[in-house]
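First comes the structure, then the notes that go with it.
The values are calculated or read from the model by the stated rules, or taken from the named source; none is laboratory data. If you're wondering where the values come from, they're calculated on a predicted model, not measured in any experiment. The protein model used for the area step is the full one, side chains on, heavy atoms only, and it has no ligands, DNA or RNA in it. Shrake-Rupley method; radii C 1.70, N 1.55, O 1.52, S 1.80 Å.
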Amino acid sequence: QPRIIDYMQDNFKDLDEYLFKGGDLEFLVPLIRKTKEEFEWVFLGTIPHELEGKCEYHPWSDFYSYPHALDQIDADMAIAPIADNTFNCGKSDLKLLEYSAVGLPAVYSSIGSAIGPYDMVDGLCTVQNKEDLWYSAIKEMATDENKWSTYLKAGRTELNKRWLEDEQNIGLYRQVFA
């Protein structure tokens, strides 16, 4: 069973309000329920109430412990779903940088109403927020080693271009992720 999913959410959100009433995970909860035997779902930070006890959960960690906590989960891939709303259209692509820094390719939301935070990076696995499209993308990444490598390389290329190849940022990166 592939250990493929790692979802991270802010620890201050009211989960019932945010996740299930038009929030980032609303469209994926049914998929998670249907595929518990196929994929090993892991949550870091928060977990939807209806999935408590049904999926692996790791509590939120502080900023400096976070890279280590993420690495300790030992996931094979990640997801970064975001709802199609005004707030998310203004988000950064921080999840891309975090996942790429620890070697995780990911499936990202491509939100339809505007250019989202992941739509500007070539080669990422981005899909519309439809359960069947997410299932296909997750399944493909989990079973096709070439696709897995291609998506990881795209994330790493972006990470290197924006952080590791910039001398000013190398010192910051070492402080946070060392």
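For region 36-44, take each phi angle, set θ = phi - 60°, evaluate the Karplus expression 6.51 cos²θ - 1.76 cosθ + 1.60, and give the result in whole Hz per residue in order, putting x for glycine and proline.
4, 7, 8, 10, 9, 7, 10, 10, 10
Which order do Trp41, Trp60 take by accessible area at a 1.4 Å probe, largest first?
Trp60, Trp41
Give the shape of region 70-173 as rounded, prolate or oblate, defined through the alpha-carbon gyration tensor: a ≥ b ≥ c are the square roots of its eigenvalues, a/c under 1.5 means rounded, and otherwise the shape is prolate if a/b is larger than b/c and oblate if not.
Oblate, because a/c is 1.5 or more while a/b does not exceed b/c.
Heavy-atom accessible area per residue, region 64-178, 1.4 Å probe: how many Å²?
54 Å²
What residues qualify as long-range amide H neighbours of Thr126, i.e. H under 5 Å apart, gap of 5 or more or another chain, H built at 1.01 Å from N?
Here Tyr108 satisfy the definition.
Can you send over the carbon and sulfur percentage of the accessible area for region 50-169, probe radius 1.4 Å, protein chains only?
Of all accessible area on region 50-169, carbon and sulfur atoms account for 49 percent.
What is the set of long-range amide H partners of Tyr57 at a cut-off below 5 Å, with H atoms built 1.01 Å from backbone N?
Close amide H contacts, sequence-distant or interchain: Phe43.
Got a sec to turn the phi values of region 62-73 into Karplus ³J(HN,Hα) couplings, 6.51 cos²θ - 1.76 cosθ + 1.60 with θ = phi - 60°, whole Hz, x for Gly and Pro?
Working through the residues one at a time gives 6, 3, 6, 8, 4, x, 5, 4, 5, 5, 5, 5 Hz.
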